[in-house]
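Colleague: Please find one structure pasted underneath; my questions will follow.
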Amino acid sequence: MDLHKILKIVAMILAVIGVIFALLVATGSESMIDNMLYVSYLTLAIIIVVVLIYVFKGLLAGNIKKTLMSLGLFLGIALISYFISSGTDLDLQSFIDKGQDITESTSKNVGAGLYMFYALSLIAIGTVVFSGFKKLTNK
């Protein structure tokens, strides 16, 4: 039996269990909501494991040098984003007064995430524009 058939069987079993729990909830048995959540968590865990298996399988089957270079560039962009984020861009006292636990570290991490998003967005848009321009000039 290959992996595809096994996953189809597991998906069918989880679907039947989900339908049974959904019917029990619809008939008024609210205690079954917890069981339905457990089935959802189990399904999510199975999906994550299968995705990770295929990701690592693809990494090992492909060009490992290009993969490591891409990963290094991604980590480089993350580090640059972290170092250019100051964490002191806003007044934290207003957050503290509202009872929210916002520190300079939290602010720095959010800023780094925003800078990284901007950088990766610009790279993606630039790649699309460059690819389109190259495609037009080659014709």
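The values are calculated or read from the model by the stated rules, or taken from the named source; none is laboratory data. Please read these numbers as outputs of a predicted model, since none were measured by experiment. All Cβ positions, glycine included, derive from the backbone under ideal geometry; neighbour counts span all protein chains shown. Accessible surface is based on the protein model in full, side chains and every heavy atom, while ligands, DNA and RNA are left aside. Shrake-Rupley method; radii C 1.70, N 1.55, O 1.52, S 1.80 Å.
Colleague: Please work out how much accessible surface ILE48 shows to a 1.4 Å probe, ignoring ligands, DNA and RNA, in Å² rounded to 10.
Modeller: Counting only protein heavy atoms, ILE48 exposes about 80 Å² to solvent.
Colleague: Hey, what do the phi angles of the range 53-67 turn into as Karplus ³J(HN,Hα) couplings, whole Hz, using 6.51/-1.76/1.60 and θ = phi - 60°, x for Gly and Pro?
Modeller: Result, ordered by residue: 4, 5, 5, 5, 5, x, 5, 6, 7, x, 7, 5, 5, 5, 5 Hz.
Colleague: Sticking with this structure for a sec: Quick check for you: with a 1.4 Å probe and neighbouring chains kept, what is the accessible area per residue of the chain, in Å²?
Modeller: Per residue, the chain has an accessible area of 80 Å².
Colleague: At a probe size of 1.4 Å, how large is the accessible area of PHE133, to the nearest 10 Å²?
Modeller: In the full protein context, PHE133 sits at about 130 Å².
Colleague: I need the shape label for the chain. Rule: rounded when a/c is under 1.5, else prolate if a/b > b/c, else oblate, with a, b, c from the alpha carbon gyration tensor.
Modeller: oblate
Colleague: Under the definition of Cα pairs under 8 Å and six or more residues apart, what whole-number percent is the relative contact order of the chain?
Modeller: Relative contact order for the chain comes out at 15 percent.
Colleague: On a 1.4 Å probe surface of the protein chains, which of LYS134, LYS66 comes out largest in accessible area, and what is the full order?
Modeller: LYS66, LYS134
Colleague: To make sure I understand the rule: partners must be lysines, Cα under 30 Å from the Cα of LYS65, and not fewer than 8 residues away in the same chain. Which ones qualify?
Modeller: The reachable lysines, counting only those whose Cα sits under 30 Å from LYS65, are LYS57, LYS134, LYS135.
Colleague: May I ask you to give the percent of accessible area on the chain that is carbon plus sulfur, with a probe radius of 1.4 Å?
Modeller: Roughly 73 percent, rounded to a whole number.
Colleague: Here is a follow-up. Given a Förster radius of 25 Å and the C-beta distance between ILE13 and ASN63 as r, what FRET efficiency does 1/(1 + (r/R0)^6) yield to the nearest 0.05?
Modeller: Once the sixth-power term is evaluated, E becomes 0.10.
Colleague: Which one of ILE53, THR137, SER81 is farthest out on the positive end of the charge dipole of the range 34-139, using unit charges on Cβ (Lys, Arg +1; Asp, Glu -1) and the Cα centre as origin?
Modeller: THR137
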